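The values are calculated or read from the model by the stated rules, or taken from the named source; none is laboratory data. Nothing here was measured: the structure is a model prediction, and the numbers come from that model. Ideal geometry is used to build each Cβ from the backbone, glycine not excepted, and the neighbour counts take in all protein chains shown.
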Amino acid sequence: MNDYKQMPQQRQNMQMSGEHEHHEKSGKSFHELMDCVASELYHGLTWHGVAAPQMYKIGLRGYAHLHTYNAAHDFEKLFGMKTGEGGLLKILEDRLDYCPDIDSSDIQQTLKFKLSSPADLKPHFEAWCNSEHEFSKYLTESVRMAASVDMCVYHELACILSAVQEEIMRINILKKRMEIGGYAGHDLATISRHLHIHFESHPEKGLDFDV
């Protein structure tokens, strides 16, 4: 049975404690929040990296490209290989002399993630959207605190938050589009084709796709 509600342990803890409604009062120190953000990015690149081949397996290549893009994006935000300026880990080390403690305890479970058929897409996208909403709450709190800590770190966190908010918007647009077609196989194949063409022909546009 697929675990569509799987998410990092820190998100589960937040939900169980009721802090998801007022996450700005989490009581975490700034370093603890950086641990959470780094862990979320690490989990994200792993989860998207696992989801991509699962989409290939069920014949939705465009959806696979979507996950591949997000995996690469999370990797870049964490490690910053393309820009040469470094990602969050390097910035925190350079500016604050701090190396985040990444929680990888749930990675083994993530690696077991499976999609059996296109019928799995609805719960998959719902879980994806819910997970990003929780991440955005950690990021929002982090951005607020970073403003009084270091402006370079603040800028980097604000960029990550903006990207997560964009991701949530695009997931919701895609969910609405799939709902119009009732998650029917032919319609999903059409959407997948549009996504495939977009990411193959216009990768520079990122999530700015039209389905």
Among the residues of region 181-190, the number that are touching a helix residue (DSSP H, G or I) at 6+ places or on another chain (Cβ under 8 Å), part of a helix (DSSP H, G or I) and free of Cβ contacts under 8 Å to residues at least 12 places away in the same chain is 1
In region 126-144, anything modelled with pLDDT of 95 or more and either touching a Leu at 6+ places or on another chain (Cβ under 7 Å) or among the β-branched types (V, I, T) (or both) is listed as S136, L139, T140, E141, S142, V143
Going by what's in this entry, would M81 be described as of a type in the set (A, V, I, L, M) and either assigned to a helix (DSSP H, G or I) or at pLDDT 95 or above (or both)? no
In region 153-186, anything touching a Lys or Arg at 6+ places or on another chain (Cβ under 9 Å) and closer than 18 Å to C129 by Cα is listed as I160, A163, K175, M178, E179, Y183
Requested in this report: Return yes or no: is S148 more than 19 Å from the chain's Cα centre (by Cα), among the small types (G, A, S), within 20 Å of Y63 (Cβ to Cβ) and part of a loop (DSSP other than H, G, I, E, B)?
Outcome: no
Residues in region 26-57 that are without any contact (Cβ under 8 Å) to a residue 12 or more places away in the chain and in a helix (DSSP H, G or I) total 3
Legend entry - Test for E166: is it in a helix (DSSP H, G or I), modelled with pLDDT under 95 and surrounded by fewer than 19 Cβ atoms within 10 Å (Cβ to Cβ): no
Contact list, first residue from region 121-137 and assigned to a helix (DSSP H, G or I), second anywhere and aromatic (F, W, Y) and buried (at least 16 other Cβ atoms within 10 Å of the Cβ), beta-carbon distance below 7 Å, six or more apart or interchain, is L121/Y183; K122/Y183; P123/Y4; H124/Y4; A127/Y4
Note to self: Among the residues in region 46-67, are any modelled with pLDDT of 95 or more, among the charged types (D, E, K, R), surrounded by fewer than 19 Cβ atoms within 10 Å (Cβ to Cβ) and within 24 Å of V153 (Cβ to Cβ)?
What the structure shows: no
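Rundown of residues vs (1) within 17 Å of the chain's Cα centre (by Cα); (2) at pLDDT 95 or above; (3) not in a helix (DSSP H, G or I), yes/no style:
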position: A119; (1), (2), (3): no, no, no
position: V153; (1), (2), (3): no, yes, no
position: A158; (1), (2), (3): yes, yes, no
position: R170; (1), (2), (3): yes, yes, no
position: S192; (1), (2), (3): no, yes, no
position: H196; (1), (2), (3): no, yes, no
Those residues of region 83-120 which are small (G, A, S) and either surrounded by 14 or more Cβ atoms within 10 Å (Cβ to Cβ) or touching a residue at least 12 places away in the same chain (Cβ under 8 Å) (or both) amount to G86, G87, S104, S105, S116, S117, A119
